[in-house]
Every structure is written in C-alpha cells, then in structure tokens.
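Each reported figure results from applying straightforward, stated rules to the coordinates on display, with no laboratory input. Note that the structure is predicted; figures quoted are calculated from it, not measured. In this analysis, Cβ positions are derived from the backbone assuming ideal geometry, glycine residues included, and neighbour counts consider all displayed protein chains.
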Amino acid sequence: MGRTTSTVPPPHAFGADLDDTGCSIMHVDMDAFFASVELARRPQLRGKPVIVGGLGARGVVSAASYEARVYGVNSAMPMAVARKRCPHAEFIAPDGAEYSRISKAVMEIFTSYTPQVEPLSIDEAFLDVSGARRLFGSAKQIARQIRAEVAEQHSITCTVGIASTKFVAKLASTHAKPDGLAVVPADEVLAFLHPLPISALWGVGEKTAKVIERLGLRTVADIAQAPLPRLERSLGKATAQHLRALAHGRDHRTVDTTRVEKSISAETTFDVDIDDVSQVCTAALALSRKVAARSRKASLMGYTITVKLRSRDFSTKTRSRTLTEATDVAQEIYSVAAQLVRDNVTSPIRLVGVRLGGLVDARSHAFQPTLDSGRADWRELERTIDGLHTRFGRDAVSVARLVSKAETRARKALEKPWNVWGADKRGKRDDRCEVPAKFLSDPPTGRDI
DNA sequence: TCTGGGGTCCTCAAACTC
DNA sequence: TCTGGAGTTTGAGGACCC
C-alpha cells in the first residue's frame, strides 16, 4: 500500500494523454486505502492528517493520508515516530472487516468491465481489458469510467497505470499517484524504464539494491547493459534473469484470475518480550485457532505447520513439521506448534506466528479419522464453534485458557453449561448449531483447553 | 526511529530415494 | 549386499511485496 519508494518520474514516455494502442494491462491502486476508507466514513476529518495503524506500544503505520505524508509519515513507520512527526494527526486503529468489504465492492466494479481481474492485495488489482474495448472503449476510457465509479460509490480515489505489461502498468500507477491516470505507450517502455533507479524493479528491495550497487549499477539501464553472468554470480540465477528481463521491458506474465492460496498464517507481536514458554504457547493456541478457523472458512486443509519466533534482537527462527494427514483442526495445529515452541524458545520472544502450508482443497480431500477417535470429535466441535461465532460473534465461545481473568469474572454470572456449549439461554439445545453429544455430557479435556 | 501482519518466492543444505 | 552419485524433497532462512 504505497510502500514502493517514490522515485522521480522520467520526463518523457509517461502521461494521461499518450497513445494507449497495444496497452491492455491496467494496474489499479487505491490511494492510501485504509486512510481513505476512514475519511469516507468520517467526512469531518477531510483535510486533516489521518494515520491508520496499530495503536499499541509496538504498532506501525498501515496507511497515512496524503495530508499526513507531508509531515514525513509513511506506511511501515513505527507509530511512535509517526506521533512525533505529526502529533496533531487523527490516529485510528485498522478496521480490517470494513476494508475487506470496500475492497470486495471495488473489485466488483472491476469485474463489471472485464472478467480478467487479478487481485494483488486488498487495495490493488491487475485488469486485462483487451476483450472489453468493443463494449467500453479504449483502455484509457475504461480507466476513466472505473475511477469515476469508485469515487462516486465509495468516496475514495484510485490511480490507474496502463501499459503493455503488468510490471510497467504497476510502475505507471506508482508514478501517477495520487488520484491519477498514466499510460506508458508500448513503444516508449524503454524510455520510461531506463532512467529509473534499480529499486524501481519488482524484486529489488533494500538488500538486493545494496548488492547491485556494489556492482556499480545505479539505474535500470545499467542492469539492462550489465553482463548476465556477472549479475548471476551476485544475485543467483533466477533473480538475475528476472531483473534482466524486466530491465529490457520483458514481462510475459499474464493477468491470472486463478491464483490459489498457498498458506494461511497468523502472528502477533507482544507488547513486551516474553520469556515464559507457557505464555508463548498460549499465544500459539490463539493463533492456531485463528488459522484453523480461516482454513475451514476457505475450505482448505494443510500438511505443514510452521512456527515463527522472533527474538529481542529481531533475529527470526522458523521451525516446521509436516503431518502425514492434512488438517484444519486447531487442536492438531496447536499440538505441533506448542511442541515446536517448547523446543525452540531459548530467549525472550517478541513475536510468535503460526502458519499452515501445503494447502489442499478440503472438499476434494477426505478427512482421515485416525485410530485416535478424538480427531474427528475435535473437528466436529470446532465446526460447531465456527457456527456459533458466525451467529453470535467471536466472543460467544472461547477456550478457557484464552479468556482473561476479568472476562472470566464477568462470565461467572452467566456460568451455565449452555453458555459454553452453544445452547440458548432457556437451556434448550440449539437445533441449528448442533453440538456433539459427546461434549455436552463430557466436555473435552486436556492440558491446554 | 526501531521496526505489524499476511503473504509469496528463492536459495541453500541436508535428508532421502533410486 | 554395499556404495557412490544424481535427482528429488523437505526444512530453514531470507528477501520481498503490500
């Protein structure tokens, strides 16, 4: 979200009124998306600097309005720094559900012009409009209509880059921000690309830029002219060939509407570093539940469970284990994650994460009950809890270990079996959210639940 | 200034298989 | 049956993206 380092646009080969013949790839990027959504629903804040991000001790900026950027506030910046630079800004915690809702609605506008839409993240997408021209006009005309519709329906602005390839379209939108439209004509691609710094290339971040600079290369033109073996020695074969192709304006990737998720993860950073393994395990339990619930919602199961541990010095350790059967059961994910945590926590931890990888479609992948009959029971229980969360909200049911003492006290007054296992308050079994009979008479036990 | 969270992809080395 | 080499798989770490 606007994380790309701003570079000086080349003086030529780029603009809103240039020839778009042969340019059917569009990159649409919402401007300061999270901040714009907040401004749209709180118009009284318009004109004020708005900063969206984690408000905790270790939060960072997720998005800053352009008024805040004037003060040097950018995304990924520690919130403490943002507060110093722009103390009078409006600071808002992110509302992921609302951003997802608006994102979905905006993507629907895109698909009303072409089915060839590849969402890249919550706030940007590639569109291939080659098949939409007869109906809606040139790429530029389509871009203008899309921008107008997004602004009219959601009171937020977006920027569109149009080019013959995805990479150049993306660069064009980066340079046209905010609230802009830019075309890079097919025969002007090299004139547009070559003056840019190496960091403009997709895949060149801080580390790679340093390696390339050590070779004495500064611009995209330098990469295009450098001997390939020299690049390969420093960057590895794949990266060198990739960057070299981009520097020559070659990008054969098409707009891909069939991207599938490869992993589902959740992580959390503690307000203070934790050296108590059991506390790290408790966090891992909450993360395992989150990952499992999301994988069930997406009808996915995974084979590989990875735990990520970040220490005080920011060094990061990942440890994984691959199961013989795919799972979407929190209890299974957690039992592996907890073991990995216990085996690998040797110093205070600032971040713990849990990832489920090796994903397969749960609908075409039969769940394998093992000799341990509890496996199917746990799955059934967790599916029931999913239903309760959908109907009554995420606070309706939780795991005792994850409920704070204050909440526990508050719940004492309501402490009846039906409050825990999903029946209604009159004590009747809920026929729409069936709870496994086993757990009504014999709730699950175990060290961690 | 002190660094979130959710992802993907690449590289390298070790383990495994043939 | 043992052994070495080549190819494949897996795990770990790092870099990058938004």
From fewest to most C-beta neighbours within 10 Å, the residues A:134, A:312 line up as A:134, A:312
Given backbone amide H placed at 1.01 Å from N, residues whose amide H is under 5 Å from that of residue A:90, ignoring those fewer than 5 places away on the same chain, are A:50, A:51
Between the stretch A:227-258 and the stretch A:125-143, what is the C-alpha centre distance in whole Å? 28 Å
Starting at the first residue of the stretch A:189-204, write each ³J(HN,Hα) from the Karplus equation 6.51 cos²θ - 1.76 cosθ + 1.60 with θ = phi - 60°, in whole Hz, x for Gly and Pro. 4, 5, 5, 6, 6, 4, x, 6, x, 4, 5, 6, 6, 5, x, 9
Exposure proxy check on A:314, A:192: fewest-to-most Cβ neighbours within 10 Å is A:314, A:192
Provide the gained length on full extension for the span residue A:317 to residue A:149, in nm with one decimal, where the gain is 0.36 nm per separating residue minus the Cα-Cα distance. 55.9 nm
List, in order, the whole-Hz ³J(HN,Hα) value for each residue of the stretch A:157-165 obtained from phi through the Karplus relation with A = 6.51, B = -1.76, C = 1.60 and θ = phi - 60°; use x for Gly and Pro. 10, 9, 10, 10, x, 10, 7, 8, 9
Once R0 is set to 25 Å, what does the formula 1/(1 + (r/R0)^6) return for the Cβ-Cβ distance between residue A:304 and residue A:276, expressed as a FRET efficiency to the nearest 0.05? 0.40
Between residue A:105 and residue A:230, what length comes free when the chain is fully extended (0.36 nm per residue of separation minus the Cα-Cα distance, one decimal in nm)? 40.3 nm
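Mind jotting down a quarter of the surface of the convex hull over the alpha carbons of the stretch A:94-253, in square nanometres, one decimal?
10.5 nm²
Which of A:207/A:290; A:140/A:170; A:140/A:166; A:48/A:140; A:84/A:317; A:48/A:84 have a Cα-Cα distance over 25 Å?
Pairs exceeding 25 Å: A:207/A:290; A:48/A:140; A:84/A:317.
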Show the residues, 5+ positions off or on another chain, whose built amide H is closer than 5 Å to the amide H of residue A:77. A:61
Taking A:177, A:317 and counting other beta carbon atoms within 10 angstrom, the fewest-first order is A:317, A:177
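Give me the mean projected area, in nm² to one decimal, of the convex hull enclosing the Cα positions of the stretch A:194-242.
For the stretch A:194-242, averaging the hull's shadow over all directions gives 2.9 nm².
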Based on the alpha carbon coordinates of the stretch A:195-286, what radius of gyration and maximum Cα-Cα distance (Dmax) apply, in Å? 19.9, 55
If you average the C-alpha positions of the stretch A:16-85 and of the stretch A:284-301 separately, how far apart do those two centres end up, in angstrom? 30 Å
On full extension of the chain, what length is gained from residue A:392 through residue A:44, given 0.36 nm per residue of separation minus the C-alpha to C-alpha distance? 122.0 nm
With θ set to phi - 60° and the Karplus curve 6.51 cos²θ - 1.76 cosθ + 1.60, what are the ³J(HN,Hα) couplings of the stretch A:270-280 in order, to the nearest whole Hz, using x for Gly and Pro? 6, 5, 10, 5, 10, 10, 8, 4, 5, 5, 5
